[in-house]
Amino acid sequence: MILTDKETALLSGASGDGVRMAMELVVEAGRMLGAERLVPIICSHIDGCLYHGDSGVLYCERLAEGGARVSVPATTNVGALNLLKPDQSRLPPDQRKMAYRLMLAHEAMGCRPSWTCAPYQAGMRPGLGEQVAWGESNAVAFANTVLGARTNRYGDFLDIACAITGRAPYYGLHLPENRIAKLLIDVSGLPEKLLRESAFFPVLGAMIGRLAGETVCVIDGMPPGATDDQLKALCAGAAATGAVALIHITGVTPEAPDVAMALGGQPAEETIRVTSEMVCDARDSLSLAEPGQIDSVALGSPHFSDEECRALLLLSKDRAFAVPVYICLGRHTMAMLEADGADAALGALGVEFVVDTCIAVTPILPETPGVMMTNSAKFAHYATGNTGHLPVFGTLPDCVASAQAGRVIRDMEVWG
């Protein structure tokens, strides 16, 4: 691997043992991945602050003790604790302590304590062509797809090492030639009303993840005007059901104004024309429980935005919920709700806020398995394996009506 003089100095320990350790990991990872050199990055999003075991804690503490500090702006993904309400998670005391130490270690290294899986909604928005090193699958897909930044899916240990060194292995989606789409997904045959429906986006994402795997694809036929929340849901669904890290959406993705640009001027290796039947099949695959009684509603995977919280409040029409409604969100969103009392209005309905973390990654839902309704393809995909609860998928209005009734209520006209 070709290293610059500065990179060689970092590797030799000129900036301390912590930086040397981080640089060793970045360089060795680059060698394993076949990178010929490293690429400077402008920011990082750190996925490794979620507690999975003591090794991650000890690793980060060793970096911090060696004087390592992030050299680029770095946001933190969700941790295992709601730091504003630590008892919300039912982790055993020893694991709770280690989870807290891990979060503290990242703060000690200079990471911005955002604790959100949607950093792009908390001010971290790199631009077209900018090289970054992001973890968290939905954030990676959003950065590449919507913002036009360049990143691979960086996992625990390597993400913080990249942030410390300000470098990432130059391979994969950092290279322009690897960002060219091979698969064309044509949705132009679907009704425009369906294409604008918010619940369609996570379903389309879940379908794309299963169809594309890790292949770069281009979606053609989407009408203009998709919101960040809709695109967030699409990216999350695709990244959860597949290994998708980049989806070109014509008219949305900065480097893909049209199909020809997304395909690099070459014909698609495969074209899939999406039908209404395919959409309904993908929607139904997100539900593992039969319609009936529900035990909870879970929203916010990725984290719910301020706009989504206020939409839920409006849909509720001040009618209280019959089952708990868990809203996972970042502290930046919580602050906006608190600014005008919207948090109190939602709390009065029966909302339980889950800040800094997520019900899918730490034990917050009741231990007794039940049925959980959600409008998130990512929650639906991970619910049973991570929580033991069976998912039922619906639109946000469906989730509100079902929470108030305590049973599944769906408006199927949305789907045509």
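The values are calculated or read from the model by the stated rules, or taken from the named source; none is laboratory data. On a predicted model such as this, the values are computed, not experimentally measured, just so you know. FYI the Cβ positions are ideal-geometry reconstructions off the backbone, even for glycines, and counts take in every protein chain you see. Surface areas here come from the heavy atoms of the whole protein model, side chains and all, with no ligands, DNA or RNA. Shrake-Rupley method; radii C 1.70, N 1.55, O 1.52, S 1.80 Å.
Key figures
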| quantity | calculated |
| --- | --- |
| Cα centre as origin, Lys/Arg/Asp/Glu Cβ charges: the chain dipole, Debye | 400 debye |
| Prolate/oblate/rounded call for the range 48-98, Cα gyration tensor, a/c under 1.5 rounded | oblate |
| Set of lysines with alpha-carbon distance to Lys232 below 24 Å, sequence-local pairs under 8 removed | Lys182, Lys193, Lys378 |
| Relative contact order %, the range 344-416, counting alpha carbon pairs below 8 Å whose residues are six or more apart | 23 percent |
| Of all accessible heavy-atom area on the range 94-141, the percent that carbon and sulfur account for (1.4 Å) | 51 percent |
| Computed accessible area, Ser305, all protein chains, 1.4 angstrom probe, square angstrom | 10 Å² |
| Among 182-195, 317-330, 373-386, the order from most to least packed when residues are scored by Cβ within 10 Å on average | 373-386, 317-330, 182-195 |
| Simple label model, 7 Å out from Cα along Cβ direction - Glu197 to Leu84, nm | 3.3 nm |
| Summed residue charge, Cβ within 12 Å of Leu84's Cβ, Lys/Arg positive, Asp/Glu negative | -2 |
| 1.4 Å probe accessible area per residue over the range 1-138, in Å² | 44 Å² |
| Estimated [θ] at 222 nm from DSSP helical runs (n ≥ 4, -39500 (n - 2.57)) normalised by residues in the chain, nearest 500 | -11500 deg cm²/dmol |
| Of all accessible heavy-atom area on the range 1-76, the percent that carbon and sulfur account for (1.4 Å) | 53 percent |
| Where Glu36, Glu197, Glu307, Glu28 fall by accessible area, highest first, once all protein chains stay in place (1.4 Å) | Glu36, Glu307, Glu28, Glu197 |
| Euclidean distance between Cα centres, the range 279-314 to the range 14-92, Å | 32 Å |
| Accessible surface ranking that places the most exposed of Ile2, Ile42, Ile364, Ile180 first, with a 1.4 angstrom probe | Ile2, Ile42, Ile180, Ile364 |
| Antiparallel DSSP beta bridges within the chain, as percent of all bridges there, nearest 5 | 10 percent |
